[in-house]
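In what follows, a single structure is set out as structure tokens and then discussed.
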Amino acid sequence: MQRSFLAFLALPLLLACGSPGAGPDKTNTADTLATDTFKWEVDQFGDVRILRYQVPGWEQLSLQQKKLAYYLTMAGLSARDIIWDQNYRHNLTVRRALETIIKDYKGERSGAEWDAFMTYAKEIFFANGIHHHYGMDKFTPEFPRAYMDTLVAASGAKLPKEVVDILFDPAIDAKKVSLDKDKDLVLASAVNFYGDDVNAKEVDAFYTAMEVKGDTTPLSYGLNSKLVRGKDGKLMERTWKIGGMYGAALQESVKWLEQAMDVAENDQQRKAIKLLIEYYRTGDLKTWDDFNVAWVQDTAGTVDFIQGFVEVYNDPLGKRGSYESIVEVNDPIATKSMSVIQENAQWFEDHSPLLPEHKKKKVVGITYRFINAVGESGDAAPSTPIGVNLPNADWIRKDHGSKSISLGNIIDAYDKSSGQSSLKEFCYDQAEIDRAVKYGSLAGNLHTALHEVVGHASGQIEPGIGGPDATLKSYASTLEEGRADLVALYFMMDPKMVELGVMPSLDAGKAEYDGYIRNGLMVQLRRLKMGKQVEEAHMRNRQWVSAWVYEKGQPDSVIVKVERDGKTYFHIRDYDKLRTLFGDLLREVQRIKSQGDFQAGHDLVENYGVKVDPTLHAEILKRAENIKTAPYAGFIQPRLLPVTDANGNITDVKVEYPDDFVQQMLEYGEKYSFLPAVN
Ligand code: ZN
């Protein structure tokens, strides 16, 4: 549950500031790559932009490291079908039909209907399915059903009528993940984690019965299976493993992982890969924990990876992991410039506004690195996180530590591809714009570092209280993300940051406050359709954090709402008082987590994080039309190409940067598709 995103308006400073020179030491790009002529943005459709990223430092890797990165990337791609099927049970059928139509349709390939069809197809490729990757709503085809029938018939695509019905009927499976508290979350969610007739109450009962009281190293129950009703009417897990559900894809993945094991950089890394293979073979969750412990202790290698059923955002009950793969190489220089925060983690904990009993006496095992992504797939592509903190199991984090990374080259690509139009539209005055331009990139990086390193690692739960997933249920994710944001916000205005030499002045902190409030109270509404409430965990937390401090600061006019020429602005008048309010809220949110206070967590999120002022919402949507940039972005992946000698031995691995999104999707569909349509 610990990952951060940098979709355009999520952290607008970093993206909108357009000052690629700022931020941590960017010598990571000081190599032979031509960054000036590189085409960062290559496509735009629906509400997304398609970007590309570079892999700086690739040529400096040894052949062994290149091979390792290549094998791991192939392992990741080989199982990419899984995310499609997890997202929705008909997704693979739909995707293959789209691929066939795009490849084989011989009729007119232009005009309004064809264009609408291609936009629809690209949206689905982007989302790994027929539901929006972030908003969770099912896509609406903007062309007639008869046209789809024509394309299917003329191309020979296999798309059963029953599935076409679903695509064109807005009422069926309308939402991938529903967090609407008035509904049964499992029944109301289209995601393919539960049998059609399984409800939330049954799922709760099933896993409550599995829990062992007092277990200090609990397994991640439900992480790697679909829960269905067996022939006897009782619930049973269909485990994702070789020989089980998704076995064919995992089998392919393991072939590559075995080769990766042979070229591992050290024994610890080899041990981790071996355990991952064993986990894919057995589906044993104890082996998954063993893998994570081995993986978190593998800190010496230059190449690293994330793979498996990891993040649980796509399950309304937060149990089942979505398949993802990220292969990465270290960026030692940028990491060094940020490690100072890591070295001072205990100072931050000691000086945080938490209640004394909720502070960690000893902050364990935080590592923080800026890495460069080499290849992403599954739930991590095309839309990608920009920061990740793993593993997710609380007890492993406590006993063995965790790894925090920022994806430096991805952040760089965002920076280089975006302009200042959002700032001009939503900033209160020129001073705010100037601060954002000057410090936005740095502030964003520091926020990420504080959020991941100090934020998620901070605080402790009171004895006898269960983990937040058990006590705070569907509010756990948004409360945890908000808590980590609050830690970051609190310290962004601490003179210690200047003293440590990571920011030149507290103006960088002010820029972060400006951006956070602007986004949380206003700009992010652009990502919601009219009439919708906020559901996504990160969007919720940005709103409840911002709305709470806005309300509590009203007696002192800490943040004022200004109407000017029919436009709303939020202007921060007192940064120090705002910092105090962030601290007050942090203390309260930590108390909620530490004591498992479900009611208080529920009230905070529901009262501040969910509801939307329709007048303001309409205004923001209208103003957003002035900005041409799409609110979401994702990436075309680099292509790794092995060079072989006469004996078939790999002598080098080259990196290519494809620039056609649809072509890449078709290529992936041809090369890396191993699952049947129905699983
Ligand atoms: Zn986080």
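The values are calculated or read from the model by the stated rules, or taken from the named source; none is laboratory data. Fair warning: this is a prediction, and the values are worked out from it, not measured in the lab. Ideal geometry is used to build each Cβ from the backbone, glycine not excepted, and the neighbour counts take in all protein chains shown. Note: areas computed on protein heavy atoms with side chains; ligands, DNA, RNA excluded. Shrake-Rupley method; radii C 1.70, N 1.55, O 1.52, S 1.80 Å.
Structural remarks
- Computed accessible area, residue 40, all protein chains, 1.4 angstrom probe, square angstrom: 30 Å²
- Prolate/oblate/rounded call for the range 416-531, Cα gyration tensor, a/c under 1.5 rounded: oblate
- Rounded to the nearest 20 debye, dipole of the chain from Cβ charges on Lys, Arg, Asp, Glu: 380 debye
- Note on the range 433-474: Cα-only Rg and Dmax are 16.5, 49 Å.
- Mean residue ellipticity, 222 nm, helices only, the chain: the sum of -39500 (n - 2.57) across DSSP H runs of n ≥ 4, divided by residue count and rounded to 500, is -13500 deg cm²/dmol.
- Accessible area of the range 419-637 divided out per residue, in Å², using a probe of 1.4 angstrom: 34 Å²
- Normalised by residue number, the volume inside the convex hull of the Cα atoms of the range 563-610 is 75 Å³ per residue.
- Working note: Karplus 6.51/-1.76/1.60 with θ = phi - 60° gives the range 380-390 the couplings 8, 8, x, 6, 10, x, 10, x, 9, 10, 9 Hz, where Gly and Pro are set to x.
- Atom-type composition of the exposed protein surface of the range 419-637 places 48 percent of the accessible area on carbon and sulfur (1.4 angstrom probe).
- The spacing between the range 52-114 and the range 525-586, judged by their C-alpha centroids, is 39 Å.
- Residue 573 - accessible surface, heavy atoms, 1.4 Å probe, Å² rounded to 10: 140 Å²
- Simple spin-label estimate for residue 180 and residue 573 in nanometres, 7 Å along Cα-Cβ: 4.0 nm
- The label-point distance for residue 172 and residue 470, in a model that sets each label 7 Å from Cα toward Cβ, rounds to 4.1 nm.
- Computed on protein heavy atoms with a 1.4 Å probe, the accessible areas place 257, 185 in the order 185, 257, largest first.
- The per residue volume of the convex hull around the alpha-carbon atoms of the range 46-168 is 143 Å³.
- Long hydrophobic helices in the chain, taken as whole DSSP H segments with a C-alpha length of 20 Å or more on their own axis and mean Kyte-Doolittle hydropathy at least -0.5: 63-78, 112-127, 247-262, 430-449, 476-492.
- With 5 Å bins from 0: P(r) over the range 419-637, alpha-carbon pairs, percent: 1, 7, 14, 18, 20, 17, 12, 7, 3, 1, 0, 0
- Sequence of 241, 201 when ordered by accessible area, the most exposed leading, probe 1.4 angstrom: 201, 241
- Cut-off under 5 Å, modelled amide H: who pairs with residue 132 long-range: 137, 138, 139
- Solvent exposure of the range 240-367 as accessible area per residue, Å², 1.4 Å probe: 36 Å²
- For the pair residue 236 and residue 207, the difference between a 0.36 nm per residue extended length and the Cα-Cα distance amounts to 9.3 nm.
- Kirkwood-type radius of the range 509-614, with distances r between different C-alpha atoms, in Å: 14.4 Å
- Put simply, the chain fits an ellipsoid with semi-axes of 35, 29, 28 Å; these come from the alpha carbon gyration tensor as the roots of five times its eigenvalues, largest first.
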